[in-house]
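So the structure is just underneath, and the comments pick up after that.
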Amino acid sequence: MKFIDEKGRLLGIINLIDFLVILFLLCLIPAVYFGYRIMTTHKPLPQEGRFQDVLLHCQFVKLKPEIVKKISVGDKNRDLRKEVIGEVIEVGKIEPDENDPVLKRCGVLLKLRLEFKGANLSYKGSSIDYGSEFIFETNKYNAVVKMSEELTRMLKVRITLKELDGRTADLVKVGDKEIDSNGMTIAEIVTIGKPTESFREFELSRGNFTIGKIVDKKQIATEMILKCYEISGEIYFKGEPLAYATPIEFVTDNYRIRGFLSKQYEITQSNNSSYSFDDFQSEKDEKHLK
C-alpha cells in the first residue's frame, strides 16, 4: 500500500498539506504553553522600595588610627547580594574626634543608595537624616558615618483637593492630618477655602488643553504642610517627586482623597486663626519649622 496516493492523500485518508499543517499546530501548542509558563513563573518580583543613588556630605567618626590609613576614594559598601550600596567619592582632612582625642574623624563625600519606605527615607533599612549614624562596611574596615546634610524639608504649599463627593467635602477641615507608620505627621491642612465646582485640565493633541467641569463633584483650595525630602535638588513627598499636575494622595482616618499643587495662589480662609507651626505633631518637625 502506498503511503501517498495519486491524489496526494496520506494513506488515502488526508491530504498531505493538511496533515503537515495539523502536525505543525500540534507541535506549536506545547511550545506556546511552556513559553507562557516560563515568562509568567520567572517574572522578577517588583522591588519593595524605591531606590536612588545620592551624593551626600558625611563624616567618618570615632576612627581608630589604624583605620584612618585604610580609607581611600573608591571604598565600597556592599549588601548581602554583593551589590554596591555605598561608595567613597572624596576624602577630606583627618582631624581629632570631638569626643575622644585618641580617635579621629574626617569629612567624606559618599554616594549612597537610599530607599523610600512609605514616607520615610532610609539607608540599609534605617531612617536617616541630619545627625543620623550608621555603619559603612568595606572589605578593609568598618566606619561609623554621621550625616552632615539635612534632607527633610517642611513645606507649606497650596493644594487643591479635587473631585470630592458632597459627603467627603463636608468632612474636610483644618487640622486634618496624615500619619505615617511610625505615628508621625507627614501632612496637615492648615487653611481651607469653601467648596466650589470641580474643574480639571485635559490635555489634547499638539500641546493643547481644555478645562472641563466634573459634574456633581467639588474641589477645595487648601494650604497644607508636607514633610518632604530634598534629594539632588528635587523635592519628594511620600517617595514621589512633588510636581505640578502630579496627584498627591492625602489619607486620614476619615477619608482618602487626591489633591494637586495649585498653579496659582487660590484664596483660602483659615478656620483656625490661632494656628501656629508649633501645632505640627513631631517634636523633630517642630524644630525644623521654628
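When E133, E150, E163, E178 are screened for being modelled with pLDDT of 95 or more, among the charged types (D, E, K, R) and under 26 Å from the mean Cα position of the chain (by Cα), only E178 passes.
Elements of the type strands (runs of 3 or more DSSP E) sitting completely within the stretch 172-253 and holding at least 1 residues that are hydrophobic (A, V, I, L, M, F, W, C) and farther than 30 Å from L55 by Cα: these cover 185-192, 196-203, 209-231, 248-251.
Scanning the stretch 172-203 for residues that are exposed (fewer than 12 other Cβ atoms within 10 Å of the Cβ) and without any contact (Cβ under 8 Å) to a residue 40 or more places away in the chain turns up G183, E197, F202, E203.
Residues that are without any contact (Cβ under 8 Å) to a residue 40 or more places away in the chain, surrounded by 14 or more Cβ atoms within 10 Å (Cβ to Cβ) and within 19 Å of H57 (Cβ to Cβ): does the stretch 98-119 have at least one? First the steps, then the outcome.
Initial filter on the stretch 98-119 (without any contact (Cβ under 8 Å) to a residue 40 or more places away in the chain): 98-102.
Narrowing the set further to residues that are surrounded by 14 or more Cβ atoms within 10 Å (Cβ to Cβ) leaves none.
Within the stretch 98-119, not a single residue is without any contact (Cβ under 8 Å) to a residue 40 or more places away in the chain, surrounded by 14 or more Cβ atoms within 10 Å (Cβ to Cβ) and within 19 Å of H57 (Cβ to Cβ).
For the stretch 204-261, the set of residues classified as more than 19 Å from T152 (Cα to Cα), surrounded by fewer than 17 Cβ atoms within 10 Å (Cβ to Cβ), of a type in the set (G, A, S) and within 23 Å of the chain's Cα centre (by Cα) consists of A245 only.
The values are calculated or read from the model by the stated rules, or taken from the named source; none is laboratory data. Everything numeric in this text was worked out from a predicted model, so none of it was measured. Glycine gets a Cβ as well: all are built from the backbone with ideal geometry, and neighbour counts include every protein chain shown.
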